[in-house]
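See structure below.
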Amino acid sequence: MTEHEGRIVVVTGAGSGIGAACCELFGSAGATVIGWDLRPSDESSTAVDVGDWDAVSAAADVLADLHGRVDVLVNCAGVITPNLSAEDVDPQDYRRNFDVNVMGIVHATKALHRLLVASDSAAIVNVASQAALVSLPCQTAYSASKGAVAALTRALAIDWAAQGIRVNAVCPGFTATPMAMGQMTPELDAAVSRRVPLGRIFQPAEIAEAIAFLGSRRASAITGVVLPVDGGWTAGEPALPM
Ligand code: NAP
């Protein structure tokens, strides 16, 4: 597959999990992939804290000099804070989730806007979460930040449609990455698999497939969509034996 041949793709949160799977998939489809992460994993990655406007802005200037445009921006960098009932959540946990999950997207989209305008097929794909669509217990701060990502996606899609920039989001369900597996116990794994209509936790590559599609020319008519990639979690409960 070479449908991203010659395209310039920026992936935030590139060093791990879904972001790393996106780098691999876009790269194997012919794209030049630039990864931004706190800790760059190889020479094609750059150290960028997406929560830091000055760092993002400086990284965008480097890209402008090197490539002059960006065709696809995947906003994947994200954090989650510990599972706590709402009354026990420190306000700083809200700030941490919003600083990275929301402001990271604000920074990257604003800094790369002029480079996306320079593309003939620009697309932004934000990584939200099923928590943007249905409540997850003991994750008020993370859920609120991902709800903001969904709203921001629709708002950007409307503002930038006339400039030729499509903006969509995916809402992954439980996916086998360090972020999710760090909180996983055998009991939780079994309970999640029972709750997911497709009956399992997903692999990062499966989420990357949806992201690569939304970033491709094949999705040329799609903007402002917040797409669950969750094995049916947000569609409803698994079928009962009736
Ligand atoms: P992951 O394996 O922890 O990867 C997240 C990456 O983002 C890490 O490389 C991390 O770097 C990086 N990062 C964190 N803060 C950053 C910052 N300020 N600037 C730049 N990079 C930063 O997690 P993942 O599961 O792949 O998550 C990717 C996205 O999917 C997140 O937005 C997450 O909320 C979303 N998501 C995940 C799941 C799931 O079940 N896994 C479900 C729904 C949504 P360090 O490792 O150095 O901290």
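A short reminder: the numbers here are calculations on the coordinates, not readings from a lab. What you see is a predicted model; the values in this text were computed from it and never measured. Backbone-built Cβ (ideal geometry, glycine too); neighbour counts: all protein chains shown.
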When region 19-36 is checked residue by residue, the ones that are out of contact with any strand residue (DSSP E or B) (no Cβ under 6 Å at 6 or more places or on another chain) and either near the ligand (Cβ under 7 Å from one of its atoms) or not in a helix (DSSP H, G or I) (or both) are Ala29, Gly30
Restricting region 187-207 to residues that are among the aliphatic types (A, V, I, L, M) and without any contact (Cβ under 8 Å) to a residue 60 or more places away in the chain, which is nearest to the ligand (Cβ to nearest atom)?
Ile201
Exclusive hit being in contact with a Lys or Arg (Cβ under 7 Å, 6 or more places away or on another chain), among the small types (Gly, Ala, Ser) and crowded, with 18+ Cβ neighbours inside 10 Å, set Ala14, Ala20, Ala31:
Ala31
Checked Ala148, Ala162, Ala155 against criteria (small (Gly, Ala, Ser), within 15 Å of the ligand (Cβ to nearest atom) and either more than 17 Å from the chain's Cα centre (by Cα) or not in a strand (DSSP E or B) (or both)); the one match is Ala148
In region 37-47, which residues are near the ligand (Cβ under 6 Å from one of its atoms) and assigned to a loop (DSSP other than H, G, I, E, B)?
Leu38, Arg39
What number of residues within region 82-141 satisfy the criterion of being away from the ligand (no atom under 13 Å from the Cβ) and in a strand (DSSP E or B)?
3
Looking only at region 171-186, count how many residues are among the hydrophobic types (A, V, I, L, M, F, W, C), more than 6 Å from the ligand (Cβ to nearest atom) and crowded, with 22+ Cβ neighbours inside 10 Å.
1
Restricting region 128-165 to residues that are small (Gly, Ala, Ser) and in contact (Cβ under 8 Å) with a residue 60 or more places away in the chain, the residue that is nearest to Arg95 (Cα to Cα):
Ala141
Test: Met179 is in contact with a helix residue (DSSP H, G or I) (Cβ under 9 Å, 6 or more places away or on another chain), among the aliphatic types (A, V, I, L, M) and in contact (Cβ under 8 Å) with a residue 24 or more places away in the chain
yes
